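Just below is one structure, and these are the notes that go with it.
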Amino acid sequence: MPFYVLPELTATLSVRKVSTGQWILPSSIVLADPQFSDPGPIDIIIGAEYYFDLLTDGRSKISKTGPTLQNTVFGWVVSGPIPNQPVNPPQAVLYSCTLADIQDQLARFWELESCKSSSIHSVEESACEAVFDETTTRDSSGRFVVSLPKKEFVMQQLGESELIATKRFLALERRLEANPDLKAQYQDFIHEYERLGHMKQVDINDSDFPIYFLPHHAVFKPDSTTTKLRVVFDASCKTSTGVSLNDALMVGPVVQDDLLSIQLRFRLHRIAVVADVEKMYRMILVYLLDQRLQCILCRNSPNEPIRIYQLTTVTYGTACAPYLATKCLQRLAELESDKYPVAAKAMKNDFYVDDMLTGADDIEAIIRLVKEMVELTSSGGFNLRKWNSNSSALLAELPTHLVDDQSALDLDMSNAPVKTLGLLWNTSTDCFLFRSPVWNADAVITKRVVLADTARLFDPLGLVGPVVIIAKMFVQE
């Protein structure tokens, strides 16, 4: 048997002296430990894996209620209950042995400290992945064509949706008529949608396949550097049966890294670069039959009849849109990893939805990464825009129309900070900035204002925790 020599094995055993005055032991029995009844040190501990190998023939009881004698290769041993033995205070002793590697234990300790559990897909998420794998294809230009991952049993419960969509469109139309500037921007957006082929006019005369009308409304974003007005589609609008399209769609699992990991890696690069995918959702086509679930109502003026259009691409507002878009990026990286190894790795690890935050440690490496990334995204029908970097040498390599308007090549100038996933990044100083709200003393500060301004303090890395906590304490009060 292998033995380990240790400075201490266990406490003194037994716990207290055992009274054996009334015991009558056969004269032929030789005890393995004649002083077993007296507390004393333990010299050797033998594991239970050898227990039965040590037993020999011979077993008897001292009395009906007394302990049992068992013969072993060392002699007879005694175990079992002891009649009339005082048990106050009661005591129990437990011994265990583990051979776990200390490195494994240390790793598990840090895993617990990080509060991170392994990602396990639910049944629905696994089904959504299976639908994507079985149905997704690429057309002749390399663009992805996907089907909407549907819950078929819920899809059968979809009711009539055209009436509510009509009411909401007429309400939107009245709002636009009261604001000519907003109406002009809305029509520009819709006309661009149609011109790019992202929607097409249709006549729906049959009901062999479920049809769903998406209500939509205009959202104005004055701080956007590209599109000031966006049209948002509401796939959560209930039909006549109380079931919406989003109720009938699978959401899908998260396939990209979490925001904290991406931002931490972003800070490790000496040369950092950011960009985002232009109209990412709309660069992914939807199968023709599934387009029937993305119908909208539209017209240029109240004097024209309302027309029906089908959205031909992945649509913002549907429950599965984030999954389909990010999954296509991941799949593109997998399919093209042999041709673009550097960019494929960055696409899998350094994208958060449509935002890229990546970098390298020298100018040659970052130029290669950017070149590969542009070619990789183009092969899937995507276009990266709004490039920005803390390196003027890198920005000089990029076409002028792709560089963010807020960046300046001369690092001696005070560059206007650009937003990076809700944070402000000053490319000249390579620092994250936080913009706190300024309250006018004459303004009425309501709870809504306080909550809204506190929510704008976006700090996933906890860099300004001592400041944010003051705002949270104020909210609590």
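The values are calculated or read from the model by the stated rules, or taken from the named source; none is laboratory data. These numbers were taken from a predicted model, which means no experiment stands behind them. Glycine also receives a Cβ, built like all others from the backbone with ideal geometry; neighbour counts cover every protein chain displayed. Areas reflect the complete protein model, heavy atoms only, side chains present, ligands, DNA and RNA absent. Shrake-Rupley method; radii C 1.70, N 1.55, O 1.52, S 1.80 Å.
Could you work out the relative contact order of segment 218-325, using alpha carbon pairs under 8 angstrom and six or more residues apart, expressed as a whole percent?
On the way: 114 pairs, mean separation 31.7, N = 108.
It comes to 29 percent, rounded to a whole number.
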Heavy atoms of Thr65: accessible area, 1.4 Å probe, square angstrom to 10 = 90
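Figure the gain on full extension for Glu49 and Ser63 (residue separation times 0.36 nm, minus the Cα-Cα span) and round it to one decimal in nm. Don't skip to the answer; put the middle values down first.
On the way: separation 14, 0.36 × 14 = 5.04 nm, distance 2.93 nm.
The span from Glu49 to Ser63 would gain 2.1 nm if fully extended.
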Report the accessible area of Trp23, computed with a 1.4 Å probe over the heavy atoms of all protein chains in place, in Å² rounded to the nearest 10.
-> 50
What does the charge dipole of the chain about its Cα centre add up to, to the nearest 20 debye, if the Cβ of each Lys and Arg holds +1 and the Cβ of each Asp and Glu holds -1?
-> 1180
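Show that you can apply the helix-only estimate: for the chain, add -39,500 (n - 2.57) for every DSSP H stretch of four or more residues, divide by all residues, and state [θ] at 222 nm to the nearest 500. Before the final figure, lay out each step's value.
On the way: 14 runs with 145 residues, N = 477.
Calculated from helices alone, the mean residue ellipticity at 222 nm is -9000 deg cm²/dmol.
What size of dipole, in debye to the nearest 20, comes out for segment 267-399 about its Cα centre when the only charges are +1 on Lys and Arg C-beta atoms and -1 on Asp and Glu C-beta atoms? Provide the component values of the computation, followed by the final result.
Numbers: 16 positive and 16 negative charges, 93 e Å.
Dipole about the Cα centre, nearest 20: 440 debye.
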Go through segment 156-173 residue by residue and turn each phi into a ³J(HN,Hα) via Karplus (6.51, -1.76, 1.60, θ = phi - 60°); whole Hz please, and just put x for glycine and proline.
-> 5, 9, 4, x, 7, 10, 5, 5, 5, 5, 5, 4, 6, 5, 5, 5, 4, 4
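Given a Förster distance of 51 Å, report the FRET efficiency between Ser378 and Asp181 from their Cβ-Cβ distance, rounded to the nearest 0.05. Working shown, then result.
Details: r = 35 Å, r/R0 = 0.69.
FRET efficiency, Ser378 to Asp181: 0.90.
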Of Lys279/Lys386; Lys150/Lys200; Lys151/Lys279; Lys183/Lys238; Lys221/Lys279, pairs whose Cα-Cα distance is over 19 Å = Lys150/Lys200; Lys151/Lys279; Lys183/Lys238
Can you tell me how much longer the chain between Ile164 and Glu192 gets when fully stretched, taken as 0.36 nm per residue apart minus their C-alpha distance, in nm with one decimal?
-> 7.5 nm
Calculated P(r) of segment 44-85 - Cα pairs past 13 Å, % = 59
quick shape note, the chain: Cα extents on principal axes in Å, largest first -> 117, 64, 59
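If r is the Cβ-Cβ distance from Leu13 to Arg267 and R0 is 51 Å, what FRET efficiency results, to the nearest 0.05?
Values: r = 58 Å, r/R0 = 1.13.
Calculated transfer efficiency: 0.35.
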Using only the Cα atoms of segment 337-385, each taken as one equal point scatterer with no solvent, compute I(q) by the Debye sum, divide by I(0), and report log10 of the ratio at q = 0.20, 0.21, 0.25 Å⁻¹.
-> -0.62, -0.69, -0.98
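Of the DSSP beta bridges with both residues in the chain, give the percent that are antiparallel, rounding to the nearest 5. The partial results should precede the final answer.
On the way: 44 of 50 bridges.
Of all bridge pairs located within the chain, approximately 90 percent are antiparallel.
Between Lys221 and Arg299, 0.36 nm times their residue separation minus their Cα-Cα distance comes to what? Spell out each step's value before the answer.
Working: separation 78, 0.36 × 78 = 28.08 nm, distance 2.32 nm.
Fully extending the segment from Lys221 to Arg299 adds 25.8 nm.
Relative contact order (percent) for the chain, with alpha-carbon contacts under 8 angstrom and 6 or more residues of separation? Can you show the working numbers first?
Working: 661 pairs, mean separation 55.7, N = 477.
Result for the chain is 12 percent.
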Hey, rough spin-label estimate for Trp439 and Lys228, points 7 angstrom out along Cα→Cβ, what's it come to in nanometres?
-> 3.1
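Could you check how much of the accessible area of segment 166-297 is carbon and sulfur, as a whole percent, using a 1.4 Å probe? If you can, show how the numbers build up before the last one.
Values: 3390 of 6210 Å².
Looking at segment 166-297 in its full context, I get 55 percent from C and S.
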In terms of solvent-accessible area of protein heavy atoms at a 1.4 angstrom probe, what is the ranking of His121, His269, highest value first?
-> His121, His269
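In what sequence, largest accessible area first, do Phe382, Phe458, Phe153 appear using a 1.4 Å probe? It would help to have the intermediate numbers written out before the result.
Numbers: Phe382 5, Phe458 75, Phe153 140 Å².
Descending order: Phe153, Phe458, Phe382.
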Taking 7 Å along the Cα-to-C-beta vector as the label spot, tell me the Asp430-Thr400 distance in nanometres, rounded to one decimal.
-> 2.8
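Using a Förster radius of 22 Å, what is the FRET efficiency between Asp338 and Asp133 based on their Cβ-Cβ separation? Nearest 0.05, please. Walk me through the numbers before you get to the answer.
Numbers: r = 20 Å, r/R0 = 0.90.
So the FRET efficiency works out to roughly 0.65.
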Span per principal axis, largest first, for the Cα atoms of segment 1-78 (Å) = 38, 29, 20
Could you sort Val131, Val15, Val444 by accessible area so the largest value comes first, with the probe set to 1.4 Å?
-> Val444, Val15, Val131
